[in-house]
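What follows is one structure encoded as structure tokens, with my remarks underneath.
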Amino acid sequence: MLPASRLEWIQGWGESQGAAAYLFRPSTIGNLQDCLQLARDKKISLVSRGSGCSYGDAALLPEGICLNFSRMQRILAWDPSTGIIDVEPGVSLRRLWRYVLGDGWWPPVVTGTMEPTVGGCLSMNVHGKNNWVRGTFSEHCVEFDLLQADGSLRTIRREEEPELFNAVAGSFGMLGIVTRMRLKMKRVASGMLEVRAVSAPDLETMLRLTDEAKDQWEYVVAWIDAFPGGKKLGRGLLHFGRHLEKGEEPRPEQSLRIENQDLPEELFHILPKSSMWRLLKPWTNRVGMSWINRLKYLAGATIGENALYQQSLAEFSFLLDYVPNWKKIYSPGGLIQHQSFVPVNQAEDVFRRQLELCRKMRLPSFLAVLKRHRPDDCLMGHGLDGFSLALDFPVRAGKRERLWKLVAAMGEMVVEAGGRFYPAKDAALPGEIYRSTFQDGQIEKFLSIKQEMDPEMRLRSLLAERLLGIG
Amino acid sequence: MKKRFKHALVIGASSGIGAALVRQLASEGCRVAALARREDKLRELTRDAGEDQVITRVHDVTAIDEVPALFQEIARDLGGLDLVIYAAGIMRPVAFDEFNTEADLEMIRTNYEGAVAWLNPAAERFGAVGRGCIVGIGSVAGDRGRSGNPAYGSSKAALDTYLEALRNRIARKGVRVVTIKPGFVDTEMIAGIPGLFWVISPEKAARIILKKASRGVREAYVPARWRLVMAIIRRIPSFIFRHLKV
């Protein structure tokens with residue numbers, strides 16, 4: 001019998017999906033091996049879950065064992081002279097940057113929130129606002145220890161086994177459980193960035209400015225107002241950032257102190273940010289969000305146009321942490337996100353059609369973000385030379401089916417254009433659409449590696465089942 | 001058809017209301033585990049609804065020791081669980097002046113002890129995950145101590161009280177506990193009994209039960225007119241009730 005006391009309802013970050021699973025919090029490799037043995041004995045499967053930041057079903061497995069890594073978050077070794085750090089998989093990006101910044105280092109790839117664990121980042125092979133320059137998370141991982149489904153442990157080094165390394169990275173945790181990884185940090189001379197904000201009145205300009213900025217700025221990210229159509233379709237604000245170089249800041253040791261990086265607790269020094277979602281919730285509908293997007297654009301395009309200012313690394317990088325628990329504005333239905341990756345030449349056409357379809361189906365995205373990308377080496381990678389558009393949608397009672405249809409329809413546009421999808425964000429994409437974005441034989445190759453490394457399918461997730469048919 | 005539940009367990013599914021519930025749930029796209037003693041009846045269910053939709057286990061609800069492991073196994077095989085219906089029930093014909101302890105205890109074991117054995121782990125599970133729906137099929141016979149069948153009536157009364165207590169324990173955690181009190185349903189249980197009225201089909205009873213379960217009502221008479229009848233019967237003073245042949 002599995003202990004009933006361990007059964008918990010576990011949700012994806014977007015809270016639109018969940019499943020009951022037996023939650024275990026291993027603290028050692030031995031504990032993980034015990035969990036694997038238990039799963040074998042009970043003929044069930046396991047799923048790894050970091051901080052639970054994947055929007056959809058990446059860390060969900062009904063009636064299986066859910067491994068929570070909150071007790072495996074030790075920093076095992078740190079060399080401030082080389083920027084090489086050994087960490088357990090449960091170390092969050094928050095813990096990582098706070099640990100290395102004082103020595104003048106910064107994680108080269110971070111997500112929009114500092115909560116994900118490094119284990120999750122490697123499994124989903126996440127990217128940041130500097131994807132064009134730095135690539136994905138796995139490109140900064142030198143090696144990792146992998147606990148395989150049979151309970152054996154092996155070290156996989158990029159240089160020695162690049163093919164296997166790139167199969168495991170971005171494999172949604174389907175090929176093994178990472179128990180340690182060695183990461184290479186990026187040297188920074190200051191804890192500050194120079195940031196430029198510009199506006200784009202339409203999609204064409206937006207894509208052009210993003211593309212032009214990619215070679216001059218380390219970070220490029222654009223916010224799009226997804227509500228207007230016609231000539232204003234795709235309008236939005238762009239933010240470019242670059243690290244301050246040596247000599248540009250008089251006292252860099254100050255900005256490298258973590259207390260000077262912490263995000264403020266209050267907005268305008270008055271409003272506690274932890275309550276901000278309550279203020280936003282009444283506006284979380286089509287009309288309210290349309291006005292918020294409109295006002296944000298207008299403010300950025302007038303007062304904020306062409307502004308050049310300095311911002312701390314944490315402030316610029318972790319925008320999603322500005323309003324704690326902001327996802328609660330979408331309760332009780334939660335939200336889903338859909339992120340399409342489209343080659344440069346097709347991006348304008350595909351994104352235009354996607355935004356128009358959202359409008360037509362009266363399901364506008366409440367938050368839309370555009371980024372520039374480059375290809376990655378992972379077998380199950382999502383990178384390509386192009387742009388990505390991430391769209392947030394509220395999940396409302398009675399509209400769920402229509403929303404899922406919208407996602408499928410947008411997905412078909414991406415497939416036609418030779419694009420890709422980002423599983424960490426996905427919750428609703430049909431498997432056949434996802435699979436058709438890969439070249440002939442690529443999925444089969446991954447599945448044969450899976451069969452070889454985990455013939456009993458001990459490592460599973462709803463996401464892997466939906467997208468790859470693993471299960 | 002709208003899917004109201006995704007994964008359901010029906011205990012006592014060989015015939016009558018239980019079998020109708022399994023068919024109705026399966027037709028809505030719900031994956032159902034059907035439990036019953038009679039294997040041939042279970043085979044009929046899988047044949048009708050499809051093996052993908054209905055999984056079956058031969059089980060006697062008085063085999064209480066089997067329940068915890070079987071409950072977990074079923075949840076695993078279904079891939080989740082959001083509805084548990086206890087529909088197992090027997091009514092042994094008892095003559096007015098008959099006192100058959102063995103037959104009475106058999107009814108209590110099936111109608112009440114089996115329910116406790118199955119609904120306890122259901123309540124524990126649903127309480128832990130903060131969601132789910134438990135349905136117990138009681139009876140209008142549990143509302144008063146009728147002279148006709150003391151043990152049957154009292155087993156359903158005990159089930160009624162047990163379900164109310166469960167509700168008071170776990171409703172605050174987001175779990176719905178629904179007590180269903182059917183009147184006369186055209187099942188094997190009432191076959192051959194004369195003088196019955198307002199008899200409804202098991203299919204109609206199943207439709208009403210699932211509607212009530214999805215709404216999460218606390219208690220439902222099936223059909224609803226029994227609520228009024230039983231409200232009157234409950235109010236008949238005992239010194240009059242003892243003279244009535246009901």
- [ ] Could you tell me whether any residue of region A:320-327 is assigned to a helix (DSSP H, G or I), at pLDDT below 95 and more than 20 Å from residue A:239 (Cα to Cα)?
- [x] yes
- [ ] With the checklist (1) of a type in the set (A, V, I, L, M, F, W, C); (2) more than 14 Å from every other protein chain (Cβ to nearest Cβ); (3) buried (at least 16 other Cβ atoms within 10 Å of the Cβ) in hand, flag the one item residue B:190 doesn't pass.
- [x] (3)
- [ ] Out of A:146, A:153, report the one residue that is aliphatic (A, V, I, L, M), outside the structural domain of residue A:313 (by TED's automatic domain parsing) and in contact (Cβ under 8 Å) with a residue 60 or more places away in the chain.
- [x] A:153
Task: Pair list, Cβ < 6 Å and 6+ apart or interchain, from region A:53-78 residues that are on the phi > 0 side of the Ramachandran plot to residues that are outside any strand (DSSP E or B) and not basic (Lys, Arg) - done: A:63/B:75
Open item on the list: Can you pull out every residue in region A:191-228 that is over 30 Å from residue A:102 (Cα atoms) and among the β-branched types (Val, Ile, Thr)?
Closed with: A:198, A:205, A:210, A:224
- [ ] Kindly establish whether residue A:420 is surrounded by 14 or more Cβ atoms within 10 Å (Cβ to Cβ), touching a Gly at 6+ places or on another chain (Cβ under 9 Å), charged (D, E, K, R) and in contact (Cβ under 8 Å) with a residue 24 or more places away in the chain.
- [x] yes
Task: So residue A:178, is it modelled with pLDDT of 95 or more, in the same structural domain as residue A:339 (by TED's automatic domain parsing), surrounded by 21 or more Cβ atoms within 10 Å (Cβ to Cβ) and in contact with a helix residue (DSSP H, G or I) (Cβ under 6 Å, 6 or more places away or on another chain) - done: no
Open item on the list: Can you tell me how many residues within region B:114-139 are in a loop (DSSP other than H, G, I, E, B) and facing chain A (nearest Cβ under 7 Å)?
Closed with: 2
Open item on the list: Just checking: which of the helices (runs of 4 or more DSSP H) contained wholly in region A:203-295 hold 1 or more residues that are buried (at least 18 other Cβ atoms within 10 Å of the Cβ) and among the hydroxyl-bearing types (Ser, Thr, Tyr)?
Closed with: A:203-213, A:252-255
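Taking into account only those residues within region A:370-387 that are among the small types (Gly, Ala, Ser) and buried (at least 23 other Cβ atoms within 10 Å of the Cβ), which is nearest to the chain's Cα centre (by Cα)?
Looking at residues that are among the small types (Gly, Ala, Ser) and buried (at least 23 other Cβ atoms within 10 Å of the Cβ), I get A:383.
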Open item on the list: Restricting to region A:423-455, and then to whatever is under 23 Å from the mean Cα position of the chain (by Cα) and of a type in the set (Gly, Ala, Ser), can you tell me which residue is surrounded by the most Cβ atoms within 10 Å (Cβ to Cβ)?
Closed with: A:427
TODO: Considering each of B:174, B:153, B:132, B:127 in turn, give the residue that is surrounded by fewer than 23 Cβ atoms within 10 Å (Cβ to Cβ) and on the phi > 0 side of the Ramachandran plot.
DONE: B:174
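Considering every residue within region A:112-119, establish whether at least one is surrounded by 16 or more Cβ atoms within 10 Å (Cβ to Cβ), on the phi < 0 side of the Ramachandran plot, more than 14 Å from every other protein chain (Cβ to nearest Cβ) and assigned to a helix (DSSP H, G or I).
Looking through region A:112-119, at least one residue is surrounded by 16 or more Cβ atoms within 10 Å (Cβ to Cβ), on the phi < 0 side of the Ramachandran plot, more than 14 Å from every other protein chain (Cβ to nearest Cβ) and assigned to a helix (DSSP H, G or I).
Residue by residue, here is whether (1) under 23 Å from residue A:380 (Cα atoms); (2) not basic (Lys, Arg) holds:
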residue	(1), (2)
A:64	no, yes
A:71	no, no
A:83	no, yes
A:93	yes, yes
A:100	no, yes
A:110	yes, yes
- [ ] Go through the residues of region B:197-212 one by one and say whether even a single one is crowded, with 19+ Cβ neighbours inside 10 Å, among the charged types (D, E, K, R) and closer than 19 Å to residue B:118 by Cα.
- [x] no
Task: Whichever residue in region A:390-410 is touching a Gly at 6+ places or on another chain (Cβ under 9 Å) and not in a loop (DSSP other than H, G, I, E, B) and, among such residues, is nearest to residue A:343 (Cα to Cα) - done: A:392
TODO: Take residue B:147 and decide whether it is hydroxyl-bearing (Ser, Thr, Tyr) and not in a helix (DSSP H, G or I).
DONE: yes
Task: strands (runs of 3 or more DSSP E) fully within region A:1-98 counting 1 or more residues that are touching a Gly at 6+ places or on another chain (Cβ under 9 Å) and within 14 Å of chain B (Cβ to nearest Cβ) - done: A:7-11, A:18-24, A:46-49
- [ ] For residues that are touching a helix residue (DSSP H, G or I) at 6+ places or on another chain (Cβ under 6 Å) and hydrophobic (A, V, I, L, M, F, W, C), scanning just region A:319-346, find the one that is farthest from residue A:166 (Cα to Cα).
- [x] A:329
- [ ] Would you point out the residue of region A:411-432, among those that are in a helix (DSSP H, G or I) and of a type outside the set (A, V, I, L, M), that is nearest to residue A:174 (Cα to Cα)?
- [x] A:431
Task: Criterion: farther than 21 Å from residue A:203 by Cα and polar (S, T, N, Q) - qualifying residue of A:331, A:365, A:388 - done: A:331
Open item on the list: Just to be sure I understand the filter: pairs with C-beta atoms under 9 Å, separated by 6 or more residues or on different chains, first member in region B:157-186 and under 26 Å from residue B:203 (Cα atoms), second member among the aromatic types (Phe, Trp, Tyr) and assigned to a loop (DSSP other than H, G, I, E, B). Which pairs pass?
Closed with: B:183/B:197; B:183/B:198; B:184/B:197; B:184/B:198
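Looking for whichever is modelled with pLDDT of 95 or more, out of contact with any helix residue (DSSP H, G or I) (no Cβ under 8 Å at 6 or more places or on another chain), not assigned by TED's automatic domain parsing to the domain that holds residue A:136 and not β-branched (Val, Ile, Thr) here; the options are A:390, A:397, A:409, A:417. Which one fits?
When all the criteria are applied, what remains is A:390.
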TODO: Scan region B:156-169 residue by residue and report those that are within 21 Å of residue B:75 (Cβ to Cβ) and crowded, with 22+ Cβ neighbours inside 10 Å.
DONE: B:163, B:166
TODO: Hey, can you tell me all the residues within region B:85-139 that are modelled with pLDDT of 95 or more and among the basic types (Lys, Arg)?
DONE: B:109, B:125, B:131
Open item on the list: Within region A:256-269, does at least one residue satisfy the condition of being out of contact with any helix residue (DSSP H, G or I) (no Cβ under 7 Å at 6 or more places or on another chain), among the polar types (S, T, N, Q) and in the same structural domain as residue A:366 (by TED's automatic domain parsing)?
Closed with: no
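The values are calculated or read from the model by the stated rules, or taken from the named source; none is laboratory data. Every value quoted in this text rests on a predicted model; they were computed, and no experiment measured them. Every residue, glycine as well, gets a Cβ built from its backbone with ideal geometry; the counts of neighbours run over all protein chains shown.
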